[in-house]
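**Q** I'd like to ask some things about the structure below.
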Amino acid sequence: MMRDSLQSLFTAIAQAQNLPEVHQRVMVTVSEYFAARRCRLFFFDELSSVDPKWQGILKFATSVEYNPVLRYLVEHHAPVHEALVVSPKAWRAICPRADHWHVMTGPIVCNSQLVGGIGLTRERGNLAFTTQDLTDLGAICLHLSTRMATMRSPSVSCHLEIDRSKSSADNSLRLTPREIQIADLVAQGLTNAEIGTQLWITENSVKQALKRIFRKLNVSSRAQMVAQLQNALSRAF
């Protein structure tokens, strides 16, 4: 897949409606983008649901004392591949599996807390992950971190809380899913025209949606709207 398709990945993440769609469609595209043998989005609070017969192996693999790649991820909250932290010989001793000959992982972060990650692997005989791969994965993780916060928190995905000192009789004015999507794209730095292109709506529709959002949130600028969105996302976990 060509590198200029990175923007299409961002669009796919922004347009995903739920976690199953992210797992089944977005992660497949991420896997193809990096030519990975395996690609998985995981959350630490879901690992306990793994079949009990695999719990021992899982505990071993997710030990920061044993796994230097995971240790780097936990300590730095940044993408990493095995060649950055250990020699090839050392990695073979840690993980001799041929389908994990090269590994790369990136963080899913919310409110300064590491809540999950993306793990990718390549088989023996394939090229190792590169510095450019790390950079691209970092960008993807940034978009996914924002999107996952809204998906995994019903209270955030349904509404944003308004400052009580500025609200009307109803101190929690609801945003529609489309309005939340538009606010999310504004937070990513897109213009009204770019948002309209991504969502297949007119630029005027974006402007009218923003007016409604401003009115509901009692704000007068995009910066104030983004600040309220970020505050809401920070409470997602």
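**Q** Expected output is a single nm value to one decimal: the length gained when fully extending between W200 and L114, i.e. 0.36 nm times separation in residues minus the C-alpha distance. What is it?
**A** 27.6 nm
**Q** Work out how much length A78 to R178 would gain on full extension: take 0.36 nm times their residue separation and subtract the Cα-Cα distance, in nm to one decimal. Mind dumping the intermediate values first?
**A** Details: separation 100, 0.36 × 100 = 36.00 nm, distance 3.06 nm.
Once the chain is fully extended between A78 and R178, it gains 32.9 nm.
**Q** In the stretch 101-141, if every C-alpha pair distance is counted and binned at 10 Å from zero, what percent goes to each bin?
**A** Going out from 0 Å in 10 Å bins, the stretch 101-141 shows 29, 47, 21, 3 percent.
**Q** Something else: Give me the extension gain from F43 to K211: residue separation times 0.36 nm, minus the current Cα-Cα distance, reported in nm with one decimal.
**A** Computed gain between F43 and K211 is 56.9 nm.
**Q** While we're looking at this one, here's another question. Would you please state which residues of the stretch 175-212 a label at Q17 would reach in this model, taking the label point 7 Å out along Cα→Cβ and a backbone N cut-off of under 19 Å?
**A** So the set is 175-185, 198-201.
**Q** Right, here's the next one. Once the whole set of protein chains is in place, how much accessible area is left on L199, using a 1.4 Å probe, in Å² to the nearest 10?
**A** 10 Å²
**Q** Still on this structure: For T202, what accessible surface area do you get with a 1.4 Å probe? Give it in Å², rounded to 10.
**A** Spelled out: T202, probe radius 1.4 Å, area about 80 Å².
The values are calculated or read from the model by the stated rules, or taken from the named source; none is laboratory data. None of these values were measured; they are calculated from a predicted model. Here the Cβ is made from the backbone with ideal geometry for all residues, glycine too, and neighbour counts use every protein chain on show. Protein only, heavy atoms only, side chains kept; ligands, DNA and RNA dropped before computing areas. Shrake-Rupley method; radii C 1.70, N 1.55, O 1.52, S 1.80 Å.
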